[in-house]
Amino acid sequence: MRPVRRGFKAVALAAAFLSVLAGTGGRLLAQTPGGPATVIADSIAVRGYQRLLESVILSTAALRTGVTLTYRDLQTAVRRLWATGEYADVRIYAQGNPAAATLIIEVEEQPLVSRIDIRGLEHISAGTVRDTARLAAGQPYSPQKVLAAESLIRTLLAKRGIPFARVERRLEELPGRPTDRVLVLDVSEGQRVTVAQVGVSGNEALSEGDVQGAMDTKAEGFWWFRSGSFDAETLESDLRERLPALYRSQGHLDFTVLHDTLIVDPQTGKARLEVQVDEGPQFRLAGFEIEGNSRFATEDLQSYFQTERGGLLRSLGLGAEAEQGDPVFNQAAFDAATQRVAQLYRNQGYIYAQVEPEIIRRPPAAEGGPPQVVARWNITEGSPAYVRRIAILGNEYTHERVIRDKILMLPGDVYNEDLLLQSYQSISSLGFFEAPLPPPDIQPDPQTGDVSITFQVKEKQTGSVNFGTSVGGYTGVAGFLGYDQPNLFGQAKEGHVRWDFGRYLNNFTLTYTDPALKQSLLSGTVSLFSARDRFITFQSGERRHTGASLRVGFPFPGSLRSRLFVGYSLSRTKYEFREGEDPSLFLRPPATQSQLSFGLVRQTLNHPLFPTTGSRQSLNFDFNGGLLGGDGNFQKPVFESAWYVPVGQLGASGPASRPVRFTLGLTLRAAAVFGDVEDFPFERFWMGGVQFGQQLRGYDETTVTPGGYFPRGSSAISEIDRLGNAYFSMTAEYAMRLMDNLSLSLFYDAGRVWRDPSEIDPSRLFRGAGLGAMLVTPFGPLGLDYAYGFDKDRPGWQLHFRFGQMF
């Protein structure tokens with residue numbers, strides 16, 4: 001075994017020495033007392049060139065004869081020549097009489113790299129190195145690019161657990177081509193280093209496991225994600241950031257890492273990392289003070305620095321009471337509270353407010369007791385800033401009104417950073433502009449302190465032709481062809497035409513939506529549809545459904561995030577029954593449906609598909625038949641509510657950043673049918689699966705019935721008896737939003753259908769849990785869920801796959 005001491009990477013610096021001489025005595029032009037301050041060139045000569053033309057060198061230098069030249073003129077000429085990257089050395093000097101001198105441009109050319117050979121690489125691609133470092137054949141040799149390539153090789157290998165690679169360079173001559181060279185980088189990767197053990201010494205207050213748990217450098221383990229790969233940069237962050245943060249959160253303000261050693265076995269590459277620490281004393285919190293605040297009460301600000309017990313339950317108002325401060329001073333919590341208070345001020349327009357944290361050390365309260373600190377915020381509030389002007393740039397196609405509708409601030413409002421971020425996210429969520437958007441440009445007025453805000457956007461192509469296949473639990477494999485344009489005429493009007501075809505369906509839909517009828521606050525949607533459905537689950541017949549619908553939206557008084565909707569639809573449904581099959585579902589006469597609907601929607605979600613914060617509540621009432629005419633006479637209330645709360649993120653936050661975000665979500669759904677729905681059985685509810693009816697993962701489509709669980713194809717239940725007149729379901733999920741089009745989640749589903757609304761009992765639900773992934777593709781969303789059904793006859797796992805716009 002041999003010890004390896006870490007050290008800083010060696011950085012080679014190249015320096016160029018510039019000499020601009022005048023006269024035969026070799027004196028520096030305008031630099032030496034008594035030397036000539038200027039020179040007039042009678043002629044200009046070039047020396048030392050081989051592959052470059054003299055005219056090219058003279059053109060680049062841009063020096064003229066017959067004019068007075070100063071030292072700075074010659075210096076500028078040298079810089080021009082250096083900037084080409086063609087030369088290893090450049091000198092310009094004068095010979096003869098300064099009033100009629102000969103300027104000499106003397107150059108040493110860099111060789112031309114005709115080929116690049118990177119030898120000895122096994123774990124990374126030579127092409128990746130060449131492309132990233134911008135090394136290319138046919139260019140002059142560049143020491144800077146070669147240094148960058150060598151550094152890149154070491155960095156990439158270190159990230160793969162090979163931290164001690166050696167790179168040697170050389171230029172090889174080519175026979176018969178004196179100005180050309182072959183650039184060779186010989187790489188000796190060395191042994192892959194795997195951390196087998198991490199040892200900690202000097203720790204007393206915290207266990208070795210606590211220290212190891214705070215580090216990203218982990219010893220190899222049984223699972224695939226515990227590879228034990230050694231990364232010097234990760235270890236550096238562990239020692240300089242993560243371990244000090246851990247100890248500061250436990251009151252050890254003077255914690256230091258005394259020593260770290262990596263002992264590597266040269267035969268196996270297995271390594272033991274030894275970390276020696278000095279914890280220092282543990283400081284107790286003697287008091288917490290706030291100075292300079294007038295906008296917010298001291299008690300309100302103090303609440304930001306509390307030890308919260310009970311975790312999530314505490315945030316929901318449950319669990320133990322919170323107590324101010326902590327007997328042990330938690331600097332991490334203090335720093336986080338400082339940031340939250342600064343954000344609080346910015347959200348109220350105090351963008352110039354300063355919240356300066358101060359930690360005042362005090363002697364122990366009693367002899368032999370622990371040292372103490374007093375934490376203090378020194379606040380300088382200043383005056384609130386107002387929004388002076390909001391500008392939008394780059395919208396060459398989209399009307400400015402469309403973008404301004406997404407901005408939650410107006411000129412004259414008090415500046416609010418949260419509203420600014422929400423506005424940025426709302427503009428981005430339109431989907432009309434290239435992402436990520438540049439962060440808003442905030443320009444303060446030096447006289448008033450008010451701010452002008454500029455949103456910069458760049459248009460992208462929005463209309464798209466969609467075609468492909470989809471897989472559904474009730475449609476089987478089907479194709480689709482359509483065109484979507486979410487920004488017709490640049491006014492956010494939506495046009496949608498789609499044809500779905502396959503063995504079990506033949507559907508056509510045409511929809512037009514205007515979010516601002518005649519540039520008013522009213523929205524409208526008109527839709528025409530014609531559908532033929534044959535269901536895999538219900539194989540005893542098929543349904544033909546043709547009609548049209550109209551829906552108008554109104555702003556809800558006093559709420560920017562709420563809207564009222566009124567709609568009307570008229571449709572004709574025909575049923576075709578297959579002889580010899582179960583007649584309970586499709587053996588019924590054609591029927592006309594006349595429906596009037598009223599709805600209320602409140603939406604504060606920050607993303608339409610993958611939200612991390614906010615909520616959405618919707619309540620809809622459908623009235624069918626009766627005074628409206630048509631067949632049937634029933635009412636159908638439908639309720640859905642979803643809440644999301646952020647629980648953390650990986651990566652920097654900010655308007656233009658795209659960190660990985662984590663969120664907790666809870667969704668409740670319920671609906672019922674009252675009245676005569678005999679002519680329209682598909683207005684009722686069925687449950688199971690992910691596509692057909694109400695979602696309940698871990699179960700196949702339509703297997704959760706009012707009578708309990710029945711597998712598909714079971715002869716013990718008729719098709720019509722799988723449907724109920726009421727349902728309730730809920731979904732809880734812990735989701736990781738990797739980007740705007742990819743999400744992973746752990747979920748828990750529960751739900752049931754009942755024959756009659758009076759039978760609803762949320763305490764007796766079918767349960768399922770598992771993990772899922774969803775990816776949004778140009779052809780629609782793709783989903784994969786793997787769930788365990790707890791309450792089936794034989795509990796077990798169920799795989800749910802979705803592709804296309806069928807869900």
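The values are calculated or read from the model by the stated rules, or taken from the named source; none is laboratory data. The structure displayed is predicted, hence computed values, not measured ones. Virtual Cβ from ideal backbone geometry, glycine too; neighbours counted across all protein chains shown. With ligands, DNA and RNA removed, areas are computed over all heavy atoms of the protein, side chains included. Shrake-Rupley method; radii C 1.70, N 1.55, O 1.52, S 1.80 Å.
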Using a 1.4 angstrom probe on the protein heavy atoms only, line up Lys270, Lys493, Lys159 by accessible area, largest first. Lys159, Lys270, Lys493
Report, by chain and number, residues whose modeled amide H sits under 5 Å from the one on Asp582, excluding near sequence neighbours (fewer than 5 apart, same chain). none
Using the alpha-carbon centroid of each, what span in Å lies between segment 707-745 and segment 399-447? 39
About the Cα centre of the chain, how large is the charge dipole given +1 on each Lys and Arg Cβ and -1 on each Asp and Glu Cβ? Please answer in debye to the nearest 20. 1560
What angle do you read, to the nearest 10 degrees and between 0 and 90, between the alpha-carbon axis of helix 331-347 and the longest principal axis of the chain? 80
Å² of accessible area per residue within segment 502-548, as computed with a 1.4 Å probe and no ligands counted: 50
What part of the accessible area of the chain, given as a whole %, is carbon or sulfur when the probe is 1.4 angstrom? 53
Compute the angle between helix 143-159 and the longest alpha-carbon principal axis of the chain, please, reported from 0 to 90 degrees and rounded to the nearest 10. 40
Net charge around Ser715, counting only other residues with Cβ within less than 14 Å of its Cβ (Lys, Arg = +1; Asp, Glu = -1)? -2
Given the options Trp499, Gln75, Tyr247, identify the residue whose Cα lies farthest towards the positive end of the charge dipole of the chain (+1 on Cβ of Lys, Arg; -1 on Cβ of Asp, Glu). Gln75
Around Phe692, which amide H atoms from residues at least 5 apart in sequence, or from another chain, sit under 5 Å from its own amide H, with H modelled in the peptide plane? Gly473
What does the charge count around Phe598 come to, taking other residues whose C-beta lies under 14 Å from its C-beta (Lys +1, Arg +1, Asp -1, Glu -1)? +2
So, in Å, what gap is there between the alpha-carbon centers of segment 764-794 and segment 539-593? 27
What do you get for the angle between helix 417-429 and the principal long axis of the chain? Use alpha-carbon atoms, 0 to 90 degrees, nearest ten. 70
Using the structure shown, list the pairs from Lys574/Lys636; Lys406/Lys518; Lys406/Lys460; Lys636/Lys792; Lys145/Lys218 with a Cα-Cα distance above 26 Å, or answer none. Lys636/Lys792; Lys145/Lys218
Three principal axis extents, largest first, for the C-alpha atoms of segment 485-557, in Å? 48, 27, 18
For Cα pairs less than 8 Å apart in space and 6+ apart in sequence, what is the mean separation divided by the residue count of the chain, i.e. the relative contact order in percent? 5
Rounded to whole Å, sorted largest first: equivalent-ellipsoid semi-axes of the chain, Cα gyration tensor: 64, 39, 33
In deg cm²/dmol, rounded to the nearest 500, the helical mean residue ellipticity at 222 nm of the chain, built from -39500 (n - 2.57) for every DSSP H run of length 4 or more, is -4000 deg cm²/dmol
What does the net charge come to around Leu775 if you take all other residues with beta carbon closer than 13 Å to its beta carbon, with K and R at +1 and D and E at -1? 0
Under unit Cβ charges (Lys, Arg +1; Asp, Glu -1), what dipole magnitude, rounded to 20 debye, does segment 498-616 have relative to its Cα centre? 360
Accessible area per residue, Å², segment 350-436 with all protein chains present, probe 1.4 Å: 53
